[in-house]
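The values are calculated or read from the model by the stated rules, or taken from the named source; none is laboratory data. What you see is a predicted model; the values in this text were computed from it and never measured. Backbone-built Cβ (ideal geometry, glycine too); neighbour counts: all protein chains shown.
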Amino acid sequence: MRIPARLVELCKTFEGFHKEVRIAGLPMAAPYVCPAGYWTIGYGHLCGKNQTPITKAEAETLLMIDLQTAVAATLRYCPALGDEPEHRLAAIADFTFNLGAGRLQASTLRCRVNDRDWTGAGDQLLRWVYGGGRILPGLVLRRKAERELLLGERQ
């Protein structure tokens, strides 16, 4: 399954290669707790707190595996995206990567996408800005970027 380049770019932008440490001179990522309270490593890959540090190349491999899972789940729950421009799939798959397939499955966003109501879907994206019970500025920016991509306003 092909992963849209815009999806990879969006994830790398908002996830970042976090908690960078140097081991034997190499930049590596150590596990950290994300703002929503989950142990994470590299580019937003969920892990345990005892995960050993990983290289940037390992983080990119994990990201691609995670994105394959997100794209597959997105297409499973939003089959309308299968014959839409790739930028729309990238926007919704980023949402799925960030919040999980279960949130997509149970959302009004899913209904709007499958109805091809792109404005309504974009408006729904902007509602998903909470982490740990509070509005997170990073999620506000991420949802705005996803909306712009979905609507073709972001190149």
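Using the structure shown, decide if GLN124 is surrounded by 13 or more Cβ atoms within 10 Å (Cβ to Cβ), free of Cβ contacts under 8 Å to residues at least 40 places away in the same chain, outside any loop (DSSP other than H, G, I, E, B) and among the polar types (S, T, N, Q).
Against the criterion (surrounded by 13 or more Cβ atoms within 10 Å (Cβ to Cβ), free of Cβ contacts under 8 Å to residues at least 40 places away in the same chain, outside any loop (DSSP other than H, G, I, E, B) and among the polar types (S, T, N, Q)), GLN124 qualifies.
Quick test for you: out of GLY48, GLY82, GLY37, pick the one residue that is in contact with a strand residue (DSSP E or B) (Cβ under 7 Å, 6 or more places away or on another chain) and either assigned to a loop (DSSP other than H, G, I, E, B) or not acidic (Asp, Glu) (or both).
GLY48
Looking at (1) farther than 21 Å from ILE92 by Cβ; (2) loosely packed, with under 14 Cβ neighbours inside 10 Å, which is the only condition PRO53 fails?
Failing condition for PRO53: (2).
Determine whether the range 30-50 contains at least one residue that is surrounded by 14 or more Cβ atoms within 10 Å (Cβ to Cβ), β-branched (Val, Ile, Thr), out of contact with any Cys (no Cβ under 8 Å at 6 or more places or on another chain) and free of Cβ contacts under 8 Å to residues at least 40 places away in the same chain.
No: the range 30-50 contains no residue that is surrounded by 14 or more Cβ atoms within 10 Å (Cβ to Cβ), β-branched (Val, Ile, Thr), out of contact with any Cys (no Cβ under 8 Å at 6 or more places or on another chain) and free of Cβ contacts under 8 Å to residues at least 40 places away in the same chain.
Considering only residues that are among the polar types (S, T, N, Q) and surrounded by fewer than 19 Cβ atoms within 10 Å (Cβ to Cβ), look in the range 87-108 and name the one that is nearest to LEU67 (Cα to Cα).
GLN105
Give me the pairs, please: first residue somewhere in the range 55-77 and under 15 Å from LEU104 (Cα atoms) and part of a helix (DSSP H, G or I), second residue anywhere and at pLDDT 95 or above and of a type in the set (Asp, Glu), beta-carbon distance under 8 Å, and either six or more positions apart or on two chains.
Listed pairs, sorted by first residue: ALA70/ASP94.
If you take the residues in the range 130-147 that are part of a helix (DSSP H, G or I) and among the aliphatic types (A, V, I, L, M), which one is nearest to CYS34 (Cα to Cα)?
Top of the filtered list is LEU139.
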